[in-house]
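Working notes, beginning with the structure itself.
Please treat every number below as a calculation from the coordinates, not as lab data. Computed from a predicted model, the values in this text were never measured in an experiment. Cβ atoms come from the backbone with ideal geometry, glycine included; neighbour counts cover every protein chain shown.
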Amino acid sequence: MTRKVAVVGVGVSKFGNRTDVSLPELAWEAVKEAFDDARLGPEDVQGFVVGNMGGWSSEALPAVVVGEYCGLVPKSGIRVEAACATGSAAVRTAYHMIASGEADIVMAIGVEKMNESPTPTVVEFIGRAGNYFWEFENFGLTFPGYYALYATAYMQRYGATEEDLCKVAVKNHYYGSLNPKAQFQRAITVEECLNSRYIAWPLKLYDSSPITDGAAAVILASEEAARKITDTPVWIKAIGYANGTANLSKRPDFVGLEAAQVAAKMAYKKAGIDPENPVKHFDVAEVHDCFTIAEIMAYEDLGFAKRGEGYKLIREGQTYIGGVIPVNLDGGLKAKGHPIGATGVSMVAELTKQLRQQAERGRQATIKNGMALAHNVGGTGHYAFVTILGLSP
Amino acid sequence: MTSNATSSGKTVASAVRDVFERIYGDPLKQLESLITATGLPVYKDPKTGALLWVDVRELRLRFTLSVNKLEKFIEGLRGGKLMYTQCRRCGAKYFPPQVDCPRCKASDVEWREVSTEGELVTWTVINVKPASFSHQGDYVVGIVKMPDGFNITAWIDADPKTLKPGMKMRLVVDRRPGEGYITYWFKPAF
């Protein structure tokens, strides 16, 4: 028998090139905001989970450094890793600590300082996010390269164009321009995107999320604790999770991510979502748009569109506010930025604000159903988490 | 292509070292003068004005990977062959080769030579390269479906504009130009 778990406090730092703060100072910005949001302090949490990928930053033990700086010692803290889905892994771990009855209040913190290393070092590290020897050592795949293998196959099979991909970037930059915490706060045009240089053909610079420093924190609580803390708890209805093979060569196809499909199925079943028509249940979604092709595949993997028709959703503007399902109203990874370990936590923070109707003007979804979905992918479909949030338990 | 080292005599080891010297050499000289002039490895970020401490303890990583159980694969490369494994108990085929079969939990595999031709499934051109590959021009990486029942990820030696899904590809095992070590790649099979 597991217990119900609610989000009772959220915080997100400014995303961007944050050379003005150290890793724990950056984490504190989000931690402080989450504590203030819940009107709690470090003394109130029983444990914390830190999502951090690292490698490019100096701290080898980020959880203890963040724990000390944020006054959380001697509460139990650990660091978790699931590549670009590290933040969701932190939320999942905190969720299970409460659902199991082990703890009543736990904080999930995602933090990443990618700019502690020069760009070539970061490119080198993310390129190794697959199977080291069989993909990187001998063939020098890069992170955009892995997704480009999917983009080529998808475009060849279904006739999507580079312009369709750019439309995802245009949407996410538009909403990023309305989010004061986004790394990029400037709207772009399809032409600007199409004219940007290739980084891994057919993907261009403007198809890609940037190198980002940032932090996010969420405080989770049991039903009993949540009712005491807040009048507006946002419930974690379900978390689905799955993995994909390390080697992309072992995947069944290159037009969708099997791990995301499995994770969605698992989450839908648990939350009672109709897998044939999930959009009718949700007011808003956050999907993992590390590259524009990834957002289009996400539409299909989540059942928002039929296989091979995801690009039509963006072509028709159906993922803007007013469309069938608004997606990435905070700018997504593309414009808000993608601080690896913080991304999944920031998705839950954003959806909590959306469901509470606290998003900035112009980027607040209409809340009718009271449910929202976060889709967070680690690596190139190596990890996938689908988290469903709702206003009712 | 010859089976000797490349014409310049350079191998991947010195090619990568030269790139690193180019990328990281100047910042190192700047760090020297910064410490000499100011007594601290601290400067102001010209973009943001933020104070930055430059790490004075450089960390170098060069891993040594065990290929001990893949000896037949390594021998195969030396002989111009690409090898995969097949479980003697259940028949499962593995590329990349592995000596343990999780399907039937046996560790009794037969080493077999990969077929010479396959079909292109997908590909990309790596335009922005990792530092350790930036001595290379833009390269094409593809996934090729082999008749043996698995796919292989490798470079494709072809003009990317001429590539199409399903195109026949021929496997090559040889020393890679500019790097001098033996690896495998594909080229169009005509």
Legend entry - Inter-centroid distance (Cα atoms) of segment A:100-177 relative to segment B:34-88, Å: 20 Å
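So if R0 is 56 Å, what FRET efficiency would A:Thr161 and B:Arg89 give, r being the distance between their Cβ atoms, rounded to the nearest 0.05?
On the way: r = 48 Å, r/R0 = 0.86.
With a Förster radius of 56 Å, E is 0.70.
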Legend entry - Helix-only mean residue ellipticity at 222 nm for the protein assembly as shown, each DSSP H run of n ≥ 4 adding -39500 (n - 2.57), per residue, nearest 500: -9500 deg cm²/dmol
Legend entry - Listed pairs A:Lys265/B:Lys93; A:Lys167/A:Lys204; A:Lys32/A:Lys368; B:Lys81/B:Lys105; A:Lys204/B:Lys44 exceeding 22 Å between Cα atoms: A:Lys265/B:Lys93; A:Lys32/A:Lys368; B:Lys81/B:Lys105; A:Lys204/B:Lys44
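Which length gain, in nm to one decimal place, applies between A:Ala187 and A:Arg39 when the Cα-Cα distance is subtracted from 0.36 nm times their residue separation?
Values: separation 148, 0.36 × 148 = 53.28 nm, distance 3.52 nm.
The span from A:Ala187 to A:Arg39 would gain 49.8 nm if fully extended.
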Legend entry - Per-residue Cβ neighbour rank within 10 angstrom, fewest leading, A:Trp201, B:Trp111: B:Trp111, A:Trp201
Inset, instruction - Work out, step by step, the length gained on full extension between B:Tyr181 and B:Asp159: first 0.36 nm times the residue separation, then minus their alpha carbon distance; give nm to one decimal. - result: 5.6 nm
Legend entry - Dipole magnitude of segment A:239-358, debye to nearest 20 (Cβ charges: Lys/Arg +1, Asp/Glu -1, about Cα centre): 160 debye
Inset, instruction - Place +1 on the Cβ of every Lys and Arg and -1 on the Cβ of every Asp and Glu in segment A:263-346, take the dipole about the Cα centre, and give the residue among A:Thr319, A:Pro275, A:Gly331 whose Cα lies farthest towards its positive end. - result: A:Pro275
Inset, instruction - Place +1 on the Cβ of every Lys and Arg and -1 on the Cβ of every Asp and Glu in chain A, take the dipole about the Cα centre, and give the residue among A:Thr119, A:Ile236, A:Ser58 whose Cα lies farthest towards its positive end. - result: A:Ile236
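Would you kindly state how much longer the chain becomes between A:Lys32 and A:Thr245 on full extension, computed as 0.36 nm times their sequence separation minus their alpha carbon distance, in nm to one decimal?
Working it through step by step, the gained length comes to 72.9 nm.
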Legend entry - GNM result for chain A, Cα springs below 10 Å: residue of A:Asp283, A:Asp104, A:Asp36 fluctuating most strongly: A:Asp36
Legend entry - Of A:Lys368, A:Lys312, A:Lys353, the one that fluctuates the most in a GNM where chain A has Cα springs shorter than 10 Å: A:Lys368
Inset, instruction - Return the single residue from B:Thr64, B:Thr85, B:Thr122 with maximal mean-square fluctuation; model: Gaussian network over chain B, springs between Cα atoms under 10 Å. - result: B:Thr64
